[in-house]
Amino acid sequence: MTYYSRKEVLDEAKSLASKLANIEEVDRFKKLEAKINENKKVQDNIRKIKALQKQAVNLQAYNKKEALAAVEEQLDRLQTELDEIPVVAEFKEIQLVVNDVLQLITGTIAREVTKEIVTSTGGDLLTGETGSKVKNKGPAESCS
């Protein structure tokens, strides 16, 4: 078995992160974010939404239910308007794709580390138990 230092593993993680930052989906994400930041209509809507969100928090704190409902209605309208802007919809879509890629990678790493631990200890991959767990099972446990 080959042993690696924590630094070596972290260096590999940084290398993987660098590669991920340069995949097609991330590149598209960066370009769309730039377009959103340059789009006056989008930025105006975001500013209005943030201001209304602060207002809503204050109204909620002071239990102003009717005013809060009116602000929430405005927020919903502005959010819908924002979501209908093509570049925003495309940005949200690619954001989900990038998040899915990251989840896939973290899940794969977790599964592979677990698999390596189980197999290297002579464990049972089907149950996910390490070798010491399998060896130390009582007779009643192995029948169930």
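The values are calculated or read from the model by the stated rules, or taken from the named source; none is laboratory data. Owing to the predicted nature of the structure, the values given are computational and were not obtained by experimental measurement. Neighbour counts run over all protein chains shown; Cβ positions are idealised from the backbone, glycine included. The accessibility values were calculated without ligands, DNA or RNA, using every heavy atom of the protein model including side chains. Shrake-Rupley method; radii C 1.70, N 1.55, O 1.52, S 1.80 Å.
Out of segment 70-118, which residues are under 21 Å from GLN53 (Cα atoms), assigned to a helix (DSSP H, G or I) and open to solvent by 50 Å² or more (accessible area, probe 1.4 Å)?
ALA70, GLU72, GLU73, GLN74, ASP76, ARG77, GLN79, THR80, GLU81, ASP83, LYS92
Just checking, how many residues over segment 29-69 are under 30 Å from VAL98 (Cα atoms), among the hydrophobic types (A, V, I, L, M, F, W, C) and surrounded by 15 or more Cβ atoms within 10 Å (Cβ to Cβ)?
Residues of segment 29-69 that are under 30 Å from VAL98 (Cα atoms), as a first pass: 29-54.
Still in the list and also among the hydrophobic types (A, V, I, L, M, F, W, C): 29, 32, 34, 36, 42, 46, 49, 51-52.
Next, only the ones that are surrounded by 15 or more Cβ atoms within 10 Å (Cβ to Cβ) stay: 29, 32, 36, 42, 46, 49, 52.
The qualifying residues number 7.
Would you please list the contacts, defined by Cβ atoms under 7 Å and residues six or more apart or on different chains, that run from a residue in segment 80-104 that is touching a residue at least 60 places away in the same chain (Cβ under 8 Å) to a residue that is aromatic (Phe, Trp, Tyr) and surrounded by 11 or more Cβ atoms within 10 Å (Cβ to Cβ)?
As it stands, the answer is ILE94/PHE29; GLN95/PHE29; VAL98/PHE29, since those pairs meet every condition given.
From (1) modelled with pLDDT under 95; (2) not in a loop (DSSP other than H, G, I, E, B), pick out the condition that doesn't hold for TYR3.
Every condition holds for TYR3 apart from (2).
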